[in-house]
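Student: Just passing along the structure, written as structure tokens.
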Amino acid sequence: MRRIGLFVGSVVLLVGISVAQSAFETALLQRARTAADALFSRLLQRLNAEYQQGGAERGVKVCSQVAQVLTQQVGREHGVQIRRVSLKNRNPRNAPDAWERQVLLRWERGLREGKPITEVAEWRTERGQRVFRYMRPIRIIAPVCLECHGTQIKPEVLRLIRERYPNDKARGYRMGDLRGAFSVKIIPTEVQR
């Protein structure tokens, strides 16, 4: 009888731990999604406002002068590390790390095969520390995106891009292409804030 009680107690404890872990992971996922939403919204809002003021040339200026600052602000506000990454990055700061690169390549394969691509969230061990990683794809969904990232970029816009980003790789896209991703990292010590 005592063994049965011990067994039942162990099962209850394991179920309780599992439920708590699931709730914790759900909260982390929501936090990552919220940060990605906030960054997307702010960047889009700022780009739209600047584009209305002066077209794609103003958009290039915003991306080179403001996008990194907005990204850092969103990260601080949500207590996460967030960035935009791409296999064809314009800004060297947006080059993917090994895990991000793996996810981006998997998404590109999926698109070529006609499969839908969706967010990815998982625990990783990095430098001996457990971290929660999240990525959401960024696709070319509007013709205006192609004014800076397409195949036919106006000469004055191309001049600005080359001036600000001498090693630019972020051109030649078409509608529907994978542009990159929002990448979020949450470190356990950041979770406890």
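Bear in mind these aren't lab numbers, they're just calculated from the coordinates by the rules spelled out. Every value quoted in this text rests on a predicted model; they were computed, and no experiment measured them. All Cβ positions, glycine included, derive from the backbone under ideal geometry; neighbour counts span all protein chains shown.
Student: Taking residue 80 as the residue in question, decide whether it is closer than 30 Å to residue 166 by Cβ and surrounded by 15 or more Cβ atoms within 10 Å (Cβ to Cβ).
Tutor: no
Student: Among all residue pairs at least 6 apart or on different chains, which show Cβ distances below 9 Å where the first residue, located in the range 79-100, is free of Cβ contacts under 8 Å to residues at least 40 places away in the same chain and within 25 Å of residue 171 (Cβ to Cβ) and the second is in a helix (DSSP H, G or I) and of a type outside the set (S, T, N, Q)?
Tutor: As it stands, the answer is 95/101, since those pairs meet every condition given.
Student: Only one residue in 27, 36 is of a type in the set (A, V, I, L, M), in contact with a strand residue (DSSP E or B) (Cβ under 9 Å, 6 or more places away or on another chain), under 14 Å from residue 184 (Cβ atoms) and part of a helix (DSSP H, G or I), so which one is that?
Tutor: 36
Student: Same structure, new question: Just to confirm my filter: which helices (runs of 4 or more DSSP H) fall fully inside the range 78-193 and include at least 1 residues that are among the β-branched types (Val, Ile, Thr) and under 15 Å from the mean Cα position of the chain (by Cα)?
Tutor: In the range 78-193, 98-112 are the helices (runs of 4 or more DSSP H) which contain 1 or more residues that are among the β-branched types (Val, Ile, Thr) and under 15 Å from the mean Cα position of the chain (by Cα).
Student: Now for a different question. Is it true that some residue in the range 44-67 is aliphatic (A, V, I, L, M), without any contact (Cβ under 8 Å) to a residue 40 or more places away in the chain and not in a helix (DSSP H, G or I)?
Tutor: yes
Student: Now for a separate question. Quick check on my filter: what residues within the range 24-43 are under 14 Å from residue 79 (Cβ atoms) and without any contact (Cβ under 8 Å) to a residue 12 or more places away in the chain?
Tutor: Matches in the range 24-43: 27, 30.
Student: Same structure, new question: So how many residues does the range 147-170 have that are surrounded by fewer than 19 Cβ atoms within 10 Å (Cβ to Cβ) and either in contact (Cβ under 8 Å) with a residue 40 or more places away in the chain or among the hydrophobic types (A, V, I, L, M, F, W, C) (or both)?
Tutor: Final tally of qualifying residues: 10.
Student: If I ask for residues that are of a type outside the set (A, V, I, L, M, F, W, C) and surrounded by fewer than 16 Cβ atoms within 10 Å (Cβ to Cβ), which ones from the range 120-146 would you list?
Tutor: Listed by number, the residues that qualify are 122, 124, 125, 126, 127, 128, 129, 130, 143.
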